[in-house]
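Please read the structure below before turning to the comments.
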Amino acid sequence: MAGDEKKSKNEKVRKDNAIVRYIRDTSTELKKVRWPSRKDTWMLTRIVLVVTFGMAIFLGALDWVFVWLLRGVVSQSILFYVLAAVLAGGIAAAAILIGRGEEV
């Protein structure tokens, strides 16, 4: 009976140390990771920065076009109504074509 009490206490102690076991397992897994070299890290950082700045420029230009178009529509110019309709049609066509491509 004394042995049974010790087993239950040991099992209870192991269950209480879940945090310690988690930290130990995490450090073991981190040792298995193949970390990139300094050269690889710098190359990937440059790629991220170039893509980020490229997207910022693209979105800024797109925003400028939409603001320009909206100002024209608000000023009730017929040219801007036509441009807005062509742009809306192009966006709708692109959405349809993208949707068809995903079905395949």
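Here are the numbers for the structure shown:
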{"quantity": "Anisotropy class of the range 38-104 from Cα gyration tensor, a/c 1.5 cut", "calculated": "oblate"}
{"quantity": "Gain upon complete extension [residue 98, residue 34; 0.36 nm per residue less C-alpha separation]", "calculated": "19.3 nm"}
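Here, each number is a calculation from the coordinates, and none is a lab measurement. This structure is a prediction, so every number in the text was calculated from the model and none was measured.
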